[in-house]
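Before any comments, here is the structure.
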Amino acid sequence: MHHLLNRRTLLRGAGVALALPWLESLAPRSACAADPARLRFLPIFLPNGASDNWKPQSQGVGGAWKLSSVLEPLAPLKSKLNVLTNLENGTSFNGDHSSSVEPSHGRQPAAWLSCIDPAQGKKASIDQRIAKLLKSPDRLDSLQVGLSTTFSYCDNNPCENSRSVSWSESGQPLYKLVDPLEVFTKLTGGAVSGESTAEAQKRIAMNKSMLDAVLANANATRAKLGSLDQQRLDQFLTAVREVEVSATQVSSGMNGMGCMAVPKPTISSPDKPINNNNFARQNTADYNKGKHADVMNDLIAMAFQCDRTRVISYMLEDERSEFAYDHVTRRQFSADGSNEIGGTCPEYHNGGQHGDQNDFATITWWNVGKVAALCLKLDAIKEEDGKSILDNSVVFFGACMHGSNHACNELPSVLIGSGGGAFKTDQHIQLGSRWLRDLHHTIMTRAFGMSGPDVETFGIDRGDTPRSVIDEILAT
């Protein structure tokens, strides 16, 4: 049974618009076969750099290399990785190509996706240039999300430099959403039509779902689907409800919508004071960083699966994060692996980045694990072309500085997914001191087929080092 239905309007009701994932019954086989892969771009920002344990000991392809101890949570995805060593960014700002760009915490994050020194002006970041290419009235142009719940120090620079990695066409920061319920609401079309904020909070408190608004439409749609797609629809709606419940619970622990009828603070706003106890949030009885990360992973997967957006930037924390990782058990690292040694980790910056390097590596390892969990989730979702969402994505996971030395060369960098087949995978490449600008140039031109001013004007313009493609990662 094949009905030519509009996936963008399938489930609507009372202000809620829930896009469905791919279902065979949504279109004839010929239409499915002709539909090109929906490429996604997902940059994931790791704050404070990484410990030296990040770099694999060997390089090469396939069996010639193995993951480092810090990257070991990515083991199930090794065949879909490109670990890139010797990328640098801040060096391009310096006439002598030196690796020091201070204050690095207050400058480098803004340059991570733009490759422009924020002190010299700001331009659109790569995610926004790709979003412009993929722009469609049927979906959100892009989405910015993150986990930051404490106010990080801004190194006496504009706080937008270290609290945002996405920059608009006009050079304005695109701050991230950190409340998962707020993200869920954005993905499902907003509150139920006619609801006030107080009414929405009352509905949440009574454990009622926004899915109630689309049940009639869902039941009517279900009757038009084949039996396998009926099962897929039921599984999808169940998964959405589970995400909604999790988002509400985490939001409640953050004093978000799931709690009480009070204005929710805009956590990423640059004008909020540091260490203001009215807003700062570490792990508490009501809030857990791990659950926050898990539900944000679910929301990102939902956004891509439903084609709600194709571009998401994800900040695991603000740069120079002060969050205390007392929920993570300390580990000891060597070239062969890692093991738990007891005790819990300190806060991310002074106690981690500039403290015991096993603590620093443990915090990085925990964040790598959450990225691995997200990518495994994306890899489990199959699409019309038989590939997974991860296969049809470019996930750029990395940091804006090397690590505790604050250097802006040897940036921790991993590509996950092949960009629809544009890139080779299962390799560790030690590049010859290549600028990060060239990686972004390669992603735009070879994965997304971009050309013109958005490519030609991207990043620092240095006549002595023109923009060029990183051939080592190309599939052909």
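We did not get these values from a lab; they are worked out from the coordinates using the rules stated. What you see is a predicted model, and the numbers here were worked out from it, not measured in a lab. Here Cβ is always computed from backbone atoms with ideal geometry, including for glycine, and neighbour counts include all displayed protein chains.
Pairs with C-alpha atoms separated by more than 28 Å, drawn from the list K132/K224; K78/K382; K186/K377, are K132/K224. Note on the stretch 320-416: Rg/Rh from Cα positions, Kirkwood definition for Rh, rounded to two decimals, is 1.06. Residues with beta-carbon under 11 Å from that of H327, excluding H327: net charge, scoring Lys, Arg +1 and Asp, Glu -1? After counting each charged neighbour, the total is +1. Projecting the Cα atoms of L113, L181, S164 onto the dipole axis of the stretch 64-190, where Lys and Arg carry +1 and Asp and Glu carry -1 at the beta carbon, places L181 farthest toward the positive end. Semi-axes of the equivalent ellipsoid of the stretch 334-476 are 31, 23, 12 Å, computed as sqrt(5λ) over the eigenvalues of the C-alpha gyration tensor in descending order.
Kindly identify the stretch 391-460 as rounded, prolate or oblate by the Cα gyration tensor criterion: order the square roots of the eigenvalues as a ≥ b ≥ c, call it rounded if a/c is under 1.5, otherwise compare a/b with b/c, prolate if a/b is larger, else oblate. Oblate is the answer for the stretch 391-460, as a/c is 1.5 or above yet b/c matches or exceeds a/b. Within the shell defined by Cβ-Cβ distances under 12 Å, the residues around P412 carry a net charge of -2, with Lys and Arg each +1 and Asp and Glu each -1. The string of couplings for the stretch 378-395 from the Karplus curve (6.51, -1.76, 1.60, θ = phi - 60°) is 5, 6, 7, 9, 8, 10, 4, 7, x, 8, 8, 4, 4, 4, 9, 9, 10, 9 Hz, one whole number per residue in order, with x for Gly and Pro.
Simple spin-label estimate for S100 and A335 gives 3.1 nm between the two label positions (7 Å along the Cα-to-Cβ direction from each Cα). Distance between the pseudo-spin-label points of V245 and D356 (7 Å out from Cα toward the beta carbon): 3.8 nm. Under a 5 Å amide H cut-off, with hydrogens placed 1.01 Å from N, L143 pairs with V311, I312, S313 among residues at least 5 apart or on other chains.
Mind pulling up the Rg/Rh value for the stretch 363-422? Radius of gyration and Kirkwood radius, both on Cα.
That ratio is 1.09, to two decimals.
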